[in-house]
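Quick notes on the structure that follows.
FYI, it's all coordinate maths here, none of it is from the lab. Source: prediction; values computed, not measured. Because the Cβ atoms are built from the backbone with ideal geometry, glycine has one as well, and the counts that use them run over all protein chains shown.
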Amino acid sequence: MSQSPYPEASQATTALVLGILGVVLCPILGPFAWSMGLKEMQAIDAGRRPAENRGTANAAKILGIVGTVLLGVAVIGLIIFIVFLSVATVTVSS
């Protein structure tokens with residue numbers, strides 16, 4: 001088995017999987033994918049990780065951003081729902 005010329009193993013695929021899961025199933029994973037993708041790209045730029053994984057890391061970062069936005073929309077929607085529900089409850093009680 002040959003030794004890799006890079007001191008660190010790539011995390012680009014892991015970040016991409018988190019990004020896909022963050023968009024498709026569970027938006028809470030979006031910020032983690034965004035962070036991992038960004039750190040991976042910084043490590044590639046510093047020469048610590050293989051440059052051929054740059055596209056995968058960039059895709060993970062973008063999917064992480066999308067997942068984070070979806071998470072934000074879900075949280076805002078939940079807050080609005082709770083406010084309307086509490087207003088409706090107070091209105092019906094009066």
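Can you give me the Kirkwood hydrodynamic radius for the chain, using every pair of distinct Cα atoms, in Å to one decimal?
About 14.8 Å, per the Kirkwood formula over Cα pairs.
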| message | Sort SER4, SER35 by Cβ crowding within 10 Å, fewest neighbours at the top. | response | SER4, SER35
| request: Apply the membrane-span-like helix rule to the chain: whole DSSP H runs, Cα extent along the own long axis of at least 20 Å, mean Kyte-Doolittle hydropathy at least 0.5. List the helices found. | output: 54-93
